[in-house]
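Worksheet: the structure to be examined is printed underneath.
The values are calculated or read from the model by the stated rules, or taken from the named source; none is laboratory data. For clarity, every value in this text was computed on a predicted model and none was experimentally measured. Virtual Cβ from ideal backbone geometry, glycine too; neighbours counted across all protein chains shown. The accessibility values were calculated without ligands, DNA or RNA, using every heavy atom of the protein model including side chains. Shrake-Rupley method; radii C 1.70, N 1.55, O 1.52, S 1.80 Å.
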Amino acid sequence: MSSITLGGNPVNTSGELPKIGTQLADFKLVKNDLSIATLADFAGKKVVFNIFPSIDTGTCAASVRKFNETAANLTNTVVLCVSRDLPFAQKRFCGAEEIENVVNLSDFKDGSFGKTNGLEIIDSVLAGLHSRAILVIDENGTILHTEQVQEIADEPNYEAALAVL
């Protein structure tokens, strides 16, 4: 279990982030068209996972905008924005914001991505959602970088995540 905060109040997650140097576990996440994405879909590319509680909060929206801007300049790298939002909400947000350089994926069906990777918030008003975190993997699925953002309302350290690419 990892301890983070929401507005300075303690919040716990379902576990710890995966260790650097290990393989990211396979996953099944829902794309905007309701098809399923798995780790194999991104084989041969570096992947930045921008994980957050909900697209409909200011900080989460800001992180998606920031990664959209950054992703346009990355080589052989894809940015996946993962939350428990419905794919329709993710698609609506990106359409309204003209966000085209990231891939939104939803863990709404069973939250297994969050549970497997220690991201699920297990208490507080946000129980069941994902914590704010960054995972970066290489072309073979090996974890290069992790960041569990300590205060849910804070943005991640973009520079540290991108420095490993």
For this session: Kindly list, by first and then second residue, each pair from a residue in the range 154-165 that is open to solvent by 60 Å² or more (accessible area, probe 1.4 Å) to a residue that is basic (Lys, Arg) and not in a loop (DSSP other than H, G, I, E, B), limited to pairs with Cβ atoms under 9 Å and residues at least 6 apart or on different chains.
Result: Glu155/Lys66
For this session: Return the only residue of Asp41, Asp107 being of a type in the set (D, E, K, R), in contact with a helix residue (DSSP H, G or I) (Cβ under 6 Å, 6 or more places away or on another chain) and surrounded by 12 or more Cβ atoms within 10 Å (Cβ to Cβ).
Result: Asp107
Exercise. Which residue out of Asn73, Asn101 is in a loop (DSSP other than H, G, I, E, B), touching a Ser or Thr at 6+ places or on another chain (Cβ under 9 Å), open to solvent by 10 Å² or more (accessible area, probe 1.4 Å) and within 22 Å of Leu162 (Cα to Cα)?
Worked result: Asn101
Exercise. Do we have any residue at all in the range 45-65 that's under 21 Å from Glu139 (Cβ atoms), open to solvent by 30 Å² or more (accessible area, probe 1.4 Å) and either of a type in the set (Phe, Trp, Tyr) or not in a helix (DSSP H, G or I) (or both)?
Worked result: yes
For this session: Determine, yes or no, whether Gly114 is open to solvent by less than 60 Å² (accessible area, probe 1.4 Å) and more than 11 Å from the chain's Cα centre (by Cα).
Result: no
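Residues are listed down the side, and each one gets a yes or a no for (1) closer than 21 Å to Pro53 by Cα; (2) touching a Phe, Trp or Tyr at 6+ places or on another chain (Cβ under 6 Å); (3) among the hydroxyl-bearing types (Ser, Thr, Tyr); (4) open to solvent by less than 30 Å² (accessible area, probe 1.4 Å):
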residue	(1), (2), (3), (4)
Gly128	yes, no, no, yes
Ala133	yes, no, no, yes
Glu139	no, no, no, no
Thr146	yes, no, yes, no
Val149	yes, no, no, yes
Exercise. Hey, does the range 1-17 have a residue that's in contact with a Cys (Cβ under 7 Å, 6 or more places away or on another chain) and buried (at least 18 other Cβ atoms within 10 Å of the Cβ)?
Worked result: no
Seminar exercise, completed: Checked against (1) in a loop (DSSP other than H, G, I, E, B); (2) over 21 Å from Glu69 (Cβ atoms), Thr146 satisfies every condition except (1)
Exercise. List, please: which pairs have Cβ atoms under 6 Å, are six or more places apart or on different chains, and start with a residue in the range 70-93 that is touching a residue at least 24 places away in the same chain (Cβ under 8 Å) and within 20 Å of Asp110 (Cβ to Cβ) and end with one that is hydroxyl-bearing (Ser, Thr, Tyr) and in a loop (DSSP other than H, G, I, E, B)?
Worked result: Ser83/Ser54; Asp85/Ser54
Problem set entry | Residues satisfying the stated conditions in the range 1-44, i.e. under 14 Å from Ser112 (Cα atoms), part of a strand (DSSP E or B) and free of Cβ contacts under 8 Å to residues at least 60 places away in the same chain | Ile36, Thr38
